[in-house]
Structure formats: C-alpha cells, structure tokens
1. Please find, within region 92-127, the residue that is modelled with the lowest pLDDT out of those that are charged (D, E, K, R) and more than 18 Å from Phe35 (Cβ to Cβ).
2. Would you confirm, using the coordinates I've provided, whether Tyr52 is touching a residue at least 40 places away in the same chain (Cβ under 8 Å) and surrounded by fewer than 18 Cβ atoms within 10 Å (Cβ to Cβ)?
3. Checking Tyr52 against (1) in a strand (DSSP E or B); (2) within 11 Å of the ligand (Cβ to nearest atom), which single condition isn't satisfied?
4. Taking region 66-90 as the region of interest, how many residues are surrounded by fewer than 18 Cβ atoms within 10 Å (Cβ to Cβ) and either touching a residue at least 60 places away in the same chain (Cβ under 8 Å) or not in a strand (DSSP E or B) (or both)?
5. Can you tell me which residue is nearest to Gly45 (Cα to Cα) among those in region 3-28 that are touching a strand residue (DSSP E or B) at 6+ places or on another chain (Cβ under 7 Å) and among the aliphatic types (A, V, I, L, M)?
6. Which one of these is surrounded by 15 or more Cβ atoms within 10 Å (Cβ to Cβ) and among the acidic types (Asp, Glu): Glu57, Glu47?
7. May I ask you to say which residue of Ala44, Ala104 is touching a Phe, Trp or Tyr at 6+ places or on another chain (Cβ under 7 Å), of a type outside the set (D, E, K, R) and either outside any loop (DSSP other than H, G, I, E, B) or over 30 Å from Met1 (Cβ atoms) (or both)?
8. Looking only at region 11-34, count how many residues are open to solvent by 50 Å² or more (accessible area, probe 1.4 Å), assigned to a loop (DSSP other than H, G, I, E, B) and within 12 Å of the ligand (Cβ to nearest atom).
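The values are calculated or read from the model by the stated rules, or taken from the named source; none is laboratory data. Treat the numbers as computed from the prediction; the structure is a model and nothing was measured. We place every Cβ from the backbone using ideal geometry, glycine too, and count neighbours over all the protein chains shown. Surface areas here come from the heavy atoms of the whole protein model, side chains and all, with no ligands, DNA or RNA. Shrake-Rupley method; radii C 1.70, N 1.55, O 1.52, S 1.80 Å.
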Amino acid sequence: MIVRDFNIEKKTDRNVANERWTSTRLLLADDGMGFSFHITTIEAGSEHTFHYKNHFESVYCISGEGEIEDLATGEVHQITPGVMYALNLHDKHTLRARKELVLACCFNPPVTGKEVHRADGSYAAAD
Ligand code: 9YT
C-alpha cells in the first residue's frame, strides 16, 4: 500500500511549479499504478492552454471557480467544486481560474515527473 500526505509532499520535488500553477504529483509512473495522480493549484486570475496529445486526463474540482474552453468547439464549461472534466479526445483546452482552483488530476499513461510543457501545450510521450 502507498500512503502519502499532500501536506508533506507539496514541500518535496514531487511538487512542480510553473508560471501561475503548481502541482504535487502524489503518484507517478514509477509507483506502477498505470496512472499518475496530481493535486494542481491554478492561481486566481490566470489562464492556461494545455493540449495533452499523448495522455488522457481527468480533473476533479475540489475548490475554486473557473471555466474550461474546448478550443476545438469554442464550448465553455463552468468549473466549480464537484465538477469533473475528462479529456477523452486529448482535447486542446484553455483553463481559466476566476478564484484559485484546486484540482485533483489523473493522467493515463502516468506522468514520470520529468516532463515539461512543450510550446504546443503537450507533454512528450513516455519512453
Ligand atoms: C489541471 C491540469 O491540467 N493539471 C495538469 C497537471 C499539471 N500540469 C502537472 O502536474 O503537470
């Protein structure tokens, strides 16, 4: 069994910070679960365009308020606590936080921890 505490792990190298978002990877590829599990915080007033071409991602809103725009269709969905979105089509999207968003995210295949966002908003496929 694996037991980890976000309050501890957020102070370790499991935490990755980027401009205006920070993410603590509670599970990574080397945990062998087949997915990775992250707690991601998006700063209030920020906006981010991501395109996980090589991963499926689901995201559950724990707290905060914002919206996600599907860049293929222009559709905008409100994000509030309890809402989940799943990028089952590797959907390119823009995430906007009106109030700081705290999100629980799963990636399949799992993130290894070494990825960086590329200019196109994706992470490279795992080796
Ligand atoms: C909200 C979202 O897409 N989170 C992704 C996780 C974060 N970019 C990370 O841990 O790399």
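1. Here is the first cut: in region 92-127, the ones charged (D, E, K, R) are 92, 96, 98-100, 114-115, 118, 120, 127.
Add one more test, that the residue is more than 18 Å from Phe35 (Cβ to Cβ), and what stays is 92, 96, 98-100, 118, 120.
On the way: Lys92: 96, Arg96: 98, Arg98: 98, Lys99: 98, Glu100: 98, Arg118: 61, Asp120: 65.
Selected residue: Arg118.
2. Taking the combined requirement at face value, the residue does not satisfy it.
3. All conditions pass for Tyr52, except number (1).
4. The qualifying residues number 12.
5. Val16
6. Glu57
7. Ala104
8. Of the residues in region 11-34, 2 are open to solvent by 50 Å² or more (accessible area, probe 1.4 Å), assigned to a loop (DSSP other than H, G, I, E, B) and within 12 Å of the ligand (Cβ to nearest atom).
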